[in-house]
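Down below is the structure, laid out as structure tokens.
All of the numbers you see were taken from the coordinates with simple rules; none came from a lab. On a predicted model such as this, the values are computed, not experimentally measured, just so you know. A quick note on method: Cβ atoms are made from the backbone with ideal geometry, for glycine too, and the neighbour counts reach across all protein chains shown.
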Amino acid sequence: MSIEEKLGYTFKDKYFLNRALTRKAYALEQKQQNIFCEDQEIYRTLGDAVLKTVLIDILIKSGVNSRGEITNRKKSLEREESLARISDQLGIGSYLKFGNGETKQRADKEPYVLAETFEAVIGAVYLDGGFEAARRTIEKLFDII
């Protein structure tokens, strides 16, 4: 099963997914060889914002009506461990493009790497398919509706 099948989202432009799976060290190594390569960093920032927005929206629509409760439940849902677990279930680590040092350190097993990459993938879904596509993907992966 491909990563897109696991996500429940098929990218129209595979560039977005490819970039979301490219770590900074790998991109730098490619650039040193004069190969154009962009990393996932800005996608992680975007994905984090989209994820927060969708989770808050879902919580409000499910009846959570206090700021404190929304904050606490959202924090629980978006913890590094939670995002890493989802990323691991998707098998994202095996699709990542790592720099040589990260490969030697087995970064594909590091929770922070998996969590960051999950956010980058959400950012990529958003850029490729828009807010509703990102929302549907998040709802499916979090199974919280």
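FRET efficiency for the residue 35 to residue 2 pair, using the beta carbon distance and R₀ = 30 Å, is estimated at 0.75. Other residues lying with their Cβ under 14 Å from the Cβ of residue 68 contribute a combined charge of +3, Lys and Arg counting +1, Asp and Glu -1.
Among the listed values [x] 2, 10, 19, 23, 19, 13, 8, 4, 2, 1, 0; [y] 2, 11, 21, 25, 22, 14, 5, 1, 0; [z] 2, 11, 18, 18, 15, 12, 9, 6, 4, 3, 1, 1, 0, the one matching P(r) over Cα pairs in 5 Å bins from 0, in percent as calculated from this structure is [x]. Across the cross-link table entries 31/140; 52/97; 61/97, which are compared at the Cα atoms, the separations over 31 Å belong to 31/140; 61/97.
Here is the list for the range 3-85: trypsin sites (Lys or Arg not before Pro) lying in DSSP coil, each with at most 14 other C-beta atoms within 10 angstrom of its C-beta, are 12, 79. The residue 13 and residue 57 beta-carbon pair, evaluated with R₀ = 25 Å, returns a calculated FRET efficiency of approximately 0.45. Distance between the modelled labels on residue 82 and residue 131, one decimal in nanometres: 2.1 nm (7 Å Cα→Cβ projection). Under the combined filter of DSSP loop state and at most 15 neighbouring Cβ atoms within 10 Å, the range 1-107 retains these chymotrypsin sites (Phe, Trp or Tyr not before Pro): 36.
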